[in-house]
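S.K.: Here it is: the structure, laid out below.
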Amino acid sequence: MKRLTIAIDGFSSGGKSTLARTIAARLGYVFVDSGAMYRAVTLYALRHGFVREGALDEAALIAAMDEMGVGFRFDSESGTSRVLLDGEDVSGAIRTIEVSDLVSRVSSIGAVREKLVAAQREMGRGGGVVMDGRDIGTVVFPDADLKIFLTADPLVRARRRYDELRAGGVDVSLAEIERNIRERDLLDQTREISPLRQAPDAIVIDNSDMTPQEQMERVMELVNSKR
Ligand code: DC
């Protein structure tokens, strides 16, 4: 059976990674969370002192891109894909507020995007990959076999993120999260390089009223129609 290249793009906190991971596991494909790669580069910048008094030394970061090792390792014990930075498992470290606050800035740098897009294309060579992000169907794999554009009402996304953070013991208000989500939507869509937009041939799934199971079934129907 043909091993497909599947692109899942959409807004932040829309459930892209969860969906992509489930589909990849179901099909025995490689799962790539491209956002995690932008986060790993951001962590590198923070750790190497490229951010001083809130200002990012863009030139230093660009110069370091060639020696930086960003990748993934599948951990069969937990069944999860771990994010590596220079060989170290940084899966937890890339989810801090500090990284989240800086990652939009880092992902707007053309030279950073060029390097990561090249690495993502390499990971997807030969198919059998599910990659989620913002520009996967438009830039990374414009010829993907299946493109999904995942969307949900901003309020629904804010509520999900709020529940997730509260469950993890983080004290935040729903209004604060909603504001952050709307701000990130705007940044993602208005960024000069590779802004988030729906590929003309992407299939839109609005998951505001869908369970993860329903989303998975809908995507599997589409996958089967392509194979
Ligand atoms: O999906 P996420 O929230 O972990 O993504 C982190 C950041 O990286 C977010 O600001 C958008 C950016 N990103 C990007 O520009 N291109 C991608 N393909 C994936 C993520």
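The values are calculated or read from the model by the stated rules, or taken from the named source; none is laboratory data. All values reported here derive from a predicted model rather than from experimental measurement. A quick note on method: Cβ atoms are made from the backbone with ideal geometry, for glycine too, and the neighbour counts reach across all protein chains shown. Surface accessibility is based on the protein's heavy atoms, side chains included, excluding ligands, DNA and RNA. Shrake-Rupley method; radii C 1.70, N 1.55, O 1.52, S 1.80 Å.
S.K.: Within 10 Å of each candidate Cβ there may be at most 12 other Cβ atoms; applying that plus a DSSP loop requirement, which trypsin sites (Lys or Arg not before Pro) in segment 1-57 survive?
M.R.: Loop-located and lightly packed - 2.
S.K.: Where in the chain lies the longest segment free of GluC sites (Glu not before Pro) that are both loop residues by DSSP (not H, G, I, E, B) and have at most 11 other Cβ atoms within 10 Å?
M.R.: In the chain, the maximal stretch lacking such sites is 78-191.
S.K.: Provide the per residue accessible area, probe 1.4 Å, for the chain, rounded to a whole number of square angstrom.
M.R.: Value for the chain: 50 Å² per residue.
S.K.: Related question: Does segment 65-107 come out rounded, prolate or oblate by the C-alpha gyration tensor, with a ≥ b ≥ c the root eigenvalues, rounded set by a/c under 1.5 and, if not, prolate when a/b is larger than b/c and oblate if not?
M.R.: Taking the square roots of the gyration eigenvalues as a ≥ b ≥ c, segment 65-107 is oblate.
S.K.: So, with +1 on the Cβ of K and R and -1 on the Cβ of D and E, and no other charges, what is the size of the charge dipole of the chain about its Cα centre, to the nearest 20 debye?
M.R.: Dipole of the chain, to the nearest 20 debye: 500 debye.
S.K.: In Å, what Kirkwood hydrodynamic radius results for segment 23-152 from the alpha-carbon pair distances?
M.R.: 15.5
S.K.: Just to confirm a number: summing +1 for Lys and Arg and -1 for Asp and Glu over residues other than residue 141 whose beta-carbon lies under 10 angstrom from that of residue 141, what do you get?
M.R.: Summing Lys and Arg as +1 and Asp and Glu as -1 gives -1.
S.K.: Oh, and also: Take the solvent-accessible surface of the protein heavy atoms, probe 1.4 Å, and return the percent of it on segment 76-175 that carbon and sulfur atoms account for.
M.R.: The computed percentage sits at 49.
S.K.: When the helix-only estimate is applied to the chain (DSSP H runs of n ≥ 4, each -39,500 (n - 2.57), divided by the residue count), what is the mean residue ellipticity at 222 nm, nearest 500 deg cm²/dmol?
M.R.: The per-residue figure over the chain is -14500 deg cm²/dmol.
S.K.: Another one. When averaged across all projection directions, what area in nm² does the alpha-carbon convex hull of segment 93-227 cover?
M.R.: Result: 9.4 nm².
S.K.: For the chain, what are Rg and Dmax over the alpha carbons, in angstrom?
M.R.: 17.1, 54
S.K.: Moving on. Tell me, what ³J(HN,Hα) does each residue in segment 93-105 have, in order and in whole Hz, if you take phi through Karplus 6.51 cos²θ - 1.76 cosθ + 1.60 with θ = phi - 60° and put x for Gly and Pro?
M.R.: 5, 7, 9, 6, 4, 4, 5, 4, 5, 9, 5, 4, 5
S.K.: Right, another one. Counting only pairs 8 or more residues apart or on different chains, how many lysine pairs in the chain have their Cα atoms under 21 Å apart?
M.R.: Close lysine pairs under the 21 Å cut-off: 5.
S.K.: Calculate the all-directions average of the projected area of segment 1-75's alpha-carbon convex hull, and give it in nm².
M.R.: 7.1
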